[in-house]
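The values are calculated or read from the model by the stated rules, or taken from the named source; none is laboratory data. Model, not experiment: these values are computed from the prediction. Using ideal geometry, Cβ is built from the backbone for each residue, glycine included, and neighbour counts are taken over all protein chains shown.
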Amino acid sequence: MFKWEKLGKLFDPGERQSGSWMHAFAQSPSVVLYETHVRVYFCTRPKPDADGMYLSYLAYLDLDRRNLLDIVKVCKRPLLNLGARGTFDEFGTNPISVIRDGDEMRVYYAGWTRCESVPINGAIGVAISRDGGESFVRLGDGPVLSYGPDEPFMLGSPRIRKFGATWYLWYVSGKEWLKTEGKPEPVYRIRMASSEDGLNWVKHGRDLLERRLGEHECQACPDVLFAGGRYHMFFSYRRSHHYKSREGGYRIGYAFSDDMLNWQRCDEMAGMEVSASGWDSQMVNYPHVFMLDGETYMLYQGNDMGRTGIGLARLVSPRDWGRH
Amino acid sequence: MKWIKLGKIFDPAEHELPLASVGFAQSPQALVLDDRVRIYFSTRERDRSGKYLSHVAFVDFDQRMQRILDVSRRKVIGLGGLGCFDEHGIFPINVLKDGDRVLAYTTGWNRKVSVSADAAIGLAISHDQGLTFERYGSGPIMAAALNEPFLVGDAFVARYGGVYHMWYIFGLRWIRQSEEAPLDRVYKIAHATSTDGINWRRDGRLIIPDTLNADECQALPTVIHLDGRYHMYFCYREAHGFRDQHGKGYRIGYAWSEDLQNWTRADEQAGIDVSAEGWDAQMQCYPHVFECENRVYLLYNGNEFGRHGFGLAVLER
């Protein structure tokens with residue numbers, strides 16, 4: 001079992017008065033390491049419109065590499081514009097995953113569009129930075145990973161990785177929309193695609209994880225790292241109804257694999273639980289694990305899907321990521 | 001090419017169609033069977049909000065295209081489920097005999113908020129000579145892509161030399177003529193190939209040069225191989241004012257190719273134009289070319305995008 005020491009809430013845009021475009025929410029943290037600082041890309045939102053609908057933008061904050069609780073910089077404006085009229089990402093770019101690739105950086109993101117019969121739809125886009133991650137430009141007006149016969153809607157939650165020369169994308173695909181008393185709720189699960197160039201993708205075509213919460217379990221944010229000779233995935237999962245409460249809210253799960261395709265789910269090993277009180281007492285979700293200067297850390301969101309910010313935890317044990 | 005007009009051959013008001021049709025018989029496309037020619041089209045109903053839903057229906061003609069034998073009495077293919085790409089309509093449907101099966105390439109429509117709708121191409125398969133179709137998955141086989149951001153539709157599929165070729169359209173941009181005007185879409189014809197009819201490789205280029213202007217809308221390509229050449233018919237129009245302004249509505253365009261890659265546009269050789277008066281005097285759109293008993297036919301819609309039915313022309317040879 002993993003043992004994490006919670007280091008506390010790192011950042012809450014609502015407390016910082018960071019600007020109208022960064023009114024609330026710090027979601028989907030994704031780390032890129034620099035010599036003197038650790039950059040955390042994340043998604044943030046202005047106030048909702050009159051109908052309660054949100055936009056979401058890409059942002060970053062920089063942490064002092066020697067003291068990760070010290071925020072040295074917060075970006076001043078969105079790093080990526082929203083998409084043009086009628087495109088898949090007209091209303092938001094969230095969640096995100098950022099990767100360095102030589103002199104360039106790429107962000108893979110879920111684009112938000114709005115529909116009549118269901119609130120939103122999503123597909124995965126890509127944008128590139130050639131100024132060290134200060135700004136991103138999309139590579140096309142359309143998505144880089146789009147719908148298919150068995151992935152009909154709600155593609156999202158991308159996590160981009162490169163192992164050797166091959167690009168891997170873990171993501172989620174919608175299975176069905178459930179009718180509820182309020183808005184329809186989507187059911188989605190974790191999948192994988194691979195690519196030679198990060199642009200032309202071969203979808204693996206099946207759900208990677210078994211279900212623990214029944215037919216309508218939602219699984220998201222498949223955060224994969226390679227350590228101790230095998231692949232580890234931290235992810236979040238929840239029920240499809242009443243998920244904004246402590247009982248039904250997101251939890252962090254864990255699975256491991258030797259080949260990236262066949263995964264053994266062992267949520268009981270994840271070791272990351274909700275707190276008794278406070279900002280992460282109802283849910284913990286959207287984990288992102290990274291290694292830095294001999295330590296392993298997890299960034300994650302708390303209550304209300306990250307409305308109240310991002311927290312940080314440090315791995316206490318095991319230290320060696322060996323077989324456990 | 002020279003076409004002899006045979007007039008309007010089907011008026012949806014004269015038949016009892018399933019699904020509470022309120023008119024429209026759009027984008028007629030033929031499946032030539034042993035004893036009949038089955039012509040699929042899209043008809044419309046209004047939903048509770050007053051908006052249209054497009055449904056697939058068909059009419060059977062004898063092989064001389066002179067007599068109506070039957071019209072579809074049951075659902076040919078239902079609409080997609082909640083949140084699916086084809087939840088609010090299928091229009092058009094392109095059918096292709098493939099051994100014992102009939103493949104249908106559908107254009108599915110779903111309603112959006114900032115623009116009226118989006119579209120993607122689905123596949124459905126029939127094992128009963130096209131009476132009914134089952135979806136190949138609840139999602140599309142051709143959807144938006146990096147450089148094809150929306151409105152992917154109007155597939156026409158043909159097999160040449162063991163390869164499936166698809167001609168289709170995708171949207172480039174949504175634009176307004178003026179600040180108060182509604183948004184209009186711009187779309188163009190493209191090409192993709194496949195070895196199985198399911199997984200497609202796109203060319204990534206626009207294959208038909210514009211003649212009106214950069215915002216010309218090109219739609220519904222249909223291709224036939226005759227006398228050693230590939231002939232493409234399609235329709236095209238201005239981006240704005242195309243519903244009601246004289247001269248801005250759909251016309252039938254034409255291009256030819258010898259290699260399926262390079263197309264020469266030659267609308268003046270289309271061999272068909274709007275009539276001086278009558279059902280196809282303001283507009284001609286949604287052409288579909290097919291061959292039956294050594295005759296080559298052109299199905300198409302006239303005024304009001306096919307609200308009042310479709311007509312037929314035969315190639316003079």
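Among the residues of region A:33-82, write down those that are of a type in the set (S, T, Y), closer than 23 Å to A:R138 by Cβ and assigned to a loop (DSSP other than H, G, I, E, B). Steps first, please.
Of all residues in region A:33-82, those of a type in the set (S, T, Y) come to A:34, A:36, A:41, A:44, A:54, A:56-57, A:60.
Next cut, closer than 23 Å to A:R138 by Cβ only: A:41, A:44, A:54, A:56-57, A:60.
Result: A:Y54, A:S56.
Would you check which residues across region A:42-89 are under 19 Å from the mean Cα position of the chain (by Cα) and within 14 Å of chain B (Cβ to nearest Cβ) and list them?
Once the filter is applied, which keeps residues that are under 19 Å from the mean Cα position of the chain (by Cα) and within 14 Å of chain B (Cβ to nearest Cβ), region A:42-89 yields A:Y54, A:L55, A:L82, A:F88, A:D89.
Run down B:V102, B:V115, B:V152 and say which single residue is touching a residue at least 60 places away in the same chain (Cβ under 8 Å), of a type in the set (V, I, T) and either more than 8 Å from chain A (Cβ to nearest Cβ) or touching a helix residue (DSSP H, G or I) at 6+ places or on another chain (Cβ under 8 Å) (or both). Let's see the steps before the verdict.
On the way: B:V115 fails: either more than 8 Å from chain A (Cβ to nearest Cβ) or touching a helix residue (DSSP H, G or I) at 6+ places or on another chain (Cβ under 8 Å) (or both); B:V152 fails: touching a residue at least 60 places away in the same chain (Cβ under 8 Å).
Only one candidate passes the filter, namely B:V102.
Quick check on region B:121-134: of everything there that is small (G, A, S) and closer than 20 Å to B:R73 by Cα, which residue is nearest to the other protein chains (Cβ to nearest Cβ)? Reasoning before the result, please.
At the first step, the residues of region B:121-134 found to be small (G, A, S) are B:122, B:124, B:126, B:130.
Then drop every residue that is not closer than 20 Å to B:R73 by Cα, which leaves B:124, B:126, B:130.
Numbers: B:A124: 11, B:S126: 17, B:G130: 20 Å.
Among those that are small (G, A, S) and closer than 20 Å to B:R73 by Cα, it is B:A124.
Looking only at region A:269-307, how many residues end up being over 22 Å from A:R65 (Cα atoms) and over 16 Å from the mean Cα position of the chain (by Cα)?
Within region A:269-307, residues that are over 22 Å from A:R65 (Cα atoms) and over 16 Å from the mean Cα position of the chain (by Cα) number 14.
Could you please let me know if A:V72 is at pLDDT 95 or above and out of contact with any Phe, Trp or Tyr (no Cβ under 9 Å at 6 or more places or on another chain)? Steps first, answer last, please.
Values: at pLDDT 95 or above: yes; out of contact with any Phe, Trp or Tyr (no Cβ under 9 Å at 6 or more places or on another chain): yes.
Answer is yes for this residue.
Which members of region B:138-149 meet the condition of being at the interface with chain A (Cβ under 7 Å from one of its Cβ atoms), touching a residue at least 24 places away in the same chain (Cβ under 8 Å) and within 23 Å of A:G83 (Cβ to Cβ)? Reasoning before the result, please.
So in region B:138-149, the residues at the interface with chain A (Cβ under 7 Å from one of its Cβ atoms) come out as B:138-141, B:143-149.
After this cut, where a residue has to be touching a residue at least 24 places away in the same chain (Cβ under 8 Å) as well, the list is B:138-141, B:143-145, B:147-148.
Matches in region B:138-149: B:G139, B:P140, B:A143, B:A144, B:A145, B:N147, B:E148.
A quick yes/no check of all residues on (1) in contact (Cβ under 8 Å) with a residue 12 or more places away in the chain; (2) in a loop (DSSP other than H, G, I, E, B); (3) crowded, with 21+ Cβ neighbours inside 10 Å; (4) within 14 Å of the chain's Cα centre (by Cα):
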{"position": "B:G7", "(1), (2), (3), (4)": "yes, no, no, no"}
{"position": "B:A13", "(1), (2), (3), (4)": "yes, no, no, no"}
{"position": "B:F24", "(1), (2), (3), (4)": "yes, yes, yes, yes"}
{"position": "B:L31", "(1), (2), (3), (4)": "yes, no, yes, yes"}
{"position": "B:D35", "(1), (2), (3), (4)": "yes, yes, no, no"}
{"position": "B:I39", "(1), (2), (3), (4)": "yes, no, yes, yes"}
{"position": "B:T43", "(1), (2), (3), (4)": "yes, no, yes, yes"}
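Just to confirm my filter: which strands (runs of 3 or more DSSP E) fall fully inside region B:176-275 and include at least 2 residues that are within 14 Å of chain A (Cβ to nearest Cβ) and under 21 Å from the mean Cα position of the chain (by Cα)? So that I can check it myself, show each step before the final result.
On the way: elements: B:184-194, B:217-226, B:229-237, B:251-257.
Because the criterion is at least 2 residues that are within 14 Å of chain A (Cβ to nearest Cβ) and under 21 Å from the mean Cα position of the chain (by Cα), the strands (runs of 3 or more DSSP E) in region B:176-275 that meet it are B:184-194.
Can you list residue pairs whose Cβ atoms sit under 8 Å apart, with the first residue in region A:259-275 being farther than 15 Å from A:N285 by Cα and the second being of a type in the set (K, R)? Count only pairs 6 or more apart in sequence or on different chains.
If the second residue must be of a type in the set (K, R), the pairs left are A:R265/A:R212.
Any idea how many residues of region B:276-314 are part of a strand (DSSP E or B) and touching a helix residue (DSSP H, G or I) at 6+ places or on another chain (Cβ under 8 Å)? Give the derivation first.
Going residue by residue through region B:276-314, those that are part of a strand (DSSP E or B) are B:285-292, B:295-301, B:310-314.
Then drop every residue that is not touching a helix residue (DSSP H, G or I) at 6+ places or on another chain (Cβ under 8 Å), which leaves B:285-286.
Residues that pass the stated criteria total 2.
Keeping to region B:42-52, report how many residues are within 14 Å of chain A (Cβ to nearest Cβ) and of a type in the set (S, T, N, Q).
From region B:42-52, those within 14 Å of chain A (Cβ to nearest Cβ) are B:47-52; that's our starting set.
Cutting the leftovers down to of a type in the set (S, T, N, Q) gives us B:49.
Final tally of qualifying residues: 1.
Within the set of pairs 6+ apart or on separate chains, which have a first residue in region A:210-222 that is outside any strand (DSSP E or B), a second that is surrounded by 14 or more Cβ atoms within 10 Å (Cβ to Cβ) and acidic (D, E), and C-beta atoms under 6 Å apart?
Pairs that qualify, where the first residue is outside any strand (DSSP E or B) and the partner is surrounded by 14 or more Cβ atoms within 10 Å (Cβ to Cβ) and acidic (D, E), are A:R211/A:E217.
Hey, does region B:119-131 have a residue that's within 26 Å of A:E116 (Cβ to Cβ), in contact (Cβ under 8 Å) with a residue 60 or more places away in the chain and either in contact with a strand residue (DSSP E or B) (Cβ under 7 Å, 6 or more places away or on another chain) or in a loop (DSSP other than H, G, I, E, B) (or both)?
Restricting attention to region B:119-131, the residues satisfying the condition of being within 26 Å of A:E116 (Cβ to Cβ) are B:119-124.
Add one more test, that the residue is in contact (Cβ under 8 Å) with a residue 60 or more places away in the chain, and what stays is B:123.
If we keep only those that are either in contact with a strand residue (DSSP E or B) (Cβ under 7 Å, 6 or more places away or on another chain) or in a loop (DSSP other than H, G, I, E, B) (or both) too, we end up with B:123.
Yes - at least one qualifying residue is present in region B:119-131.
Looking at region B:81-98, is at least one residue touching a residue at least 12 places away in the same chain (Cβ under 8 Å), outside any strand (DSSP E or B) and away from chain A (no Cβ under 12 Å)?
Checked against the condition, which is being touching a residue at least 12 places away in the same chain (Cβ under 8 Å), outside any strand (DSSP E or B) and away from chain A (no Cβ under 12 Å), region B:81-98 yields no hits at all.
Those residues that are among the basic types (K, R), buried (at least 17 other Cβ atoms within 10 Å of the Cβ) and farther than 17 Å from A:P95 by Cα, I need them from region A:12-51; list them, please. Don't jump to the end; show me each part of the working.
To start, the set of residues in region A:12-51 that are among the basic types (K, R) comprises A:16, A:39, A:45, A:47.
Okay, now just the ones that are also buried (at least 17 other Cβ atoms within 10 Å of the Cβ), so A:39, A:45.
Of everything in region A:12-51, nothing turns out to be among the basic types (K, R), buried (at least 17 other Cβ atoms within 10 Å of the Cβ) and farther than 17 Å from A:P95 by Cα.
I need a count of the residues in region A:147-168 that are within 30 Å of B:I125 (Cβ to Cβ) and touching a residue at least 24 places away in the same chain (Cβ under 8 Å). Explain how you work it out, then say what you get.
Taking region A:147-168 as the starting set, the residues that turn out to be within 30 Å of B:I125 (Cβ to Cβ) are A:147-156.
When the remaining residues are screened for being touching a residue at least 24 places away in the same chain (Cβ under 8 Å), the result is A:147-148, A:150-151, A:153-156.
Count: 8.
Could you check region A:108-165 and list, in sequence order, the residues that are away from chain B (no Cβ under 13 Å), of a type outside the set (G, A, S), surrounded by fewer than 20 Cβ atoms within 10 Å (Cβ to Cβ) and not in a strand (DSSP E or B)?
A:R130, A:D131, A:E134, listed by residue number.
Rundown of residues vs (1) within 14 Å of chain A (Cβ to nearest Cβ); (2) in contact with a Ser or Thr (Cβ under 6 Å, 6 or more places away or on another chain); (3) in contact (Cβ under 8 Å) with a residue 60 or more places away in the chain, yes/no style:
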| site | (1), (2), (3) |
| --- | --- |
| B:S54 | no, yes, no |
| B:V59 | no, no, no |
| B:V71 | no, no, no |
| B:Y136 | yes, no, yes |
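If I filter region A:184-197 down to residues being within 11 Å of another protein chain (Cβ to nearest Cβ) and out of contact with any Ser or Thr (no Cβ under 6 Å at 6 or more places or on another chain), which single residue comes out as farthest from A:Y231 (Cα to Cα)? Before the answer, list the steps.
Taking region A:184-197 first, the residues within 11 Å of another protein chain (Cβ to nearest Cβ) are A:184-187.
Next, from what is left, pick out any that are out of contact with any Ser or Thr (no Cβ under 6 Å at 6 or more places or on another chain): A:184, A:186.
Values: A:P184: 35, A:P186: 28 Å.
Applying the filter and picking the extreme gives A:P184.
Conditions (1) modelled with pLDDT under 95; (2) crowded, with 24+ Cβ neighbours inside 10 Å, marked per residue:
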| site | (1), (2) |
| --- | --- |
| B:F61 | no, no |
| B:R64 | no, no |
| B:L69 | no, no |
| B:R74 | yes, no |
| B:L79 | no, no |
| B:D86 | no, yes |
| B:K97 | no, no |
| B:Y105 | no, yes |
| B:S114 | no, no |
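Test B:G241 against the criterion of being in contact with a Lys or Arg (Cβ under 6 Å, 6 or more places away or on another chain) and of a type outside the set (S, T, N, Q), and give yes or no. Steps first, answer last, please.
On the way: in contact with a Lys or Arg (Cβ under 6 Å, 6 or more places away or on another chain): yes; of a type outside the set (S, T, N, Q): yes.
It is true that B:G241 is in contact with a Lys or Arg (Cβ under 6 Å, 6 or more places away or on another chain) and of a type outside the set (S, T, N, Q).
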